[in-house]
Structure formats: C-alpha cells, structure tokens
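Below is one structure, written out as structure tokens; comments come after it.
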Amino acid sequence: MPTFLGPYDFQEIPREILMRNLMLLDTTIDSENASGSFNLGDITIPGTNIVQIIVKISEAFDGACELSVGTNFGPNLYVINDDIDLSLSGFYVIPVLEELSTAVQLKVFFVKGFGVSQGKLEVFAIVAN
C-alpha cells in the first residue's frame, strides 16, 4: 500500500543544507530496555540543521509503549507519541528542517509498558553541519 509522505521534496530543502556535511545519528531500543531517555548522537553545535527524523520499527511492541524525540530542553519537540504506532512494524519519516541556535543533546524518550516482552526500534536523525 503506497504511503504519502508529502508535501516534501528536495526543492523544499534550502540548497545550502544539501551542500553541507550530512551525518546520521542513531540509537536502538528494544523490549529489554527500561524506560528512560537515550542520547541520539553527540551534543550538537550551534548552527546544526536537523533535516529529518526516521523511526524504524523492525519488531512491533506487544504492549503499550510511548516514544518521543526531542532534546535535553524538551521531550516532544520533533516526534510525539501520536506520530507513530509502536504496535506495527514499519518506517516513519518526519521532516524537521530546523536550524539549532544553541548546542543541544538530541534525545529519544521511551516509556516501556507493563509486561512488554518483544519489540525493537531504531531512531535516526539526519543532521547537517
């Protein structure tokens, strides 16, 4: 079944971002992890652009879990729990296109539901310096 991710194409990304060094930051969370926050790469420098966040659910979670992506200043800045369904395997691509004015630590916030015994996901951030 086709999935619509638009309206989003390379014409919407400022050209100077595409000419910068792109980095892929990632972290993996599975059913063995306890609830908590997980660093997504190292602390960014001012002027870093967050291009997009990708959530890959390779194994669906068998209970109620919550996930959000933000920074050390706020947990729901880029991805909120309502944006994704952890009970289904798949990819979620969230365009961000935000330039950071200060140094921040990108973080993934995960709340594991009671009795969850299976599930695995990866969160990726594409950033430009």
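The values are calculated or read from the model by the stated rules, or taken from the named source; none is laboratory data. Given the structure is predicted, the values throughout are model-derived calculations rather than measurements. Cβ placement follows ideal geometry from the backbone for every residue including glycine, while neighbour counts extend to all protein chains displayed. These area figures cover heavy atoms from the full protein model, side chains too; ligands, DNA and RNA do not enter into them. Shrake-Rupley method; radii C 1.70, N 1.55, O 1.52, S 1.80 Å.
Structure notes:
- Scanning region 28-54 for residues that are open to solvent by 60 Å² or more (accessible area, probe 1.4 Å) and of a type in the set (A, V, I, L, M) turns up Ala34, Ile43, Ile45.
- Number of the exception - Met23 against (1) surrounded by 12 or more Cβ atoms within 10 Å (Cβ to Cβ); (2) under 17 Å from Val123 (Cβ atoms); (3) modelled with pLDDT under 95; (4) more than 15 Å from the chain's Cα centre (by Cα): (4)
- Within region 86-105, the set of residues being open to solvent by less than 60 Å² (accessible area, probe 1.4 Å) and without any contact (Cβ under 8 Å) to a residue 40 or more places away in the chain comprises Leu86, Gly90, Tyr92.
- Matching residues, region 106-119, being in contact with a strand residue (DSSP E or B) (Cβ under 6 Å, 6 or more places away or on another chain) and open to solvent by less than 70 Å² (accessible area, probe 1.4 Å): Leu106, Lys107, Val108, Phe109, Phe110, Gly119
- Qualifying residue in region 106-115 (condition: aromatic (Phe, Trp, Tyr) and free of Cβ contacts under 8 Å to residues at least 40 places away in the same chain): no
- Region 67-84, residues that are closer than 21 Å to Gly119 by Cα and open to solvent by less than 60 Å² (accessible area, probe 1.4 Å): Leu67, Ser68, Val69, Val79, Asn81, Ile84
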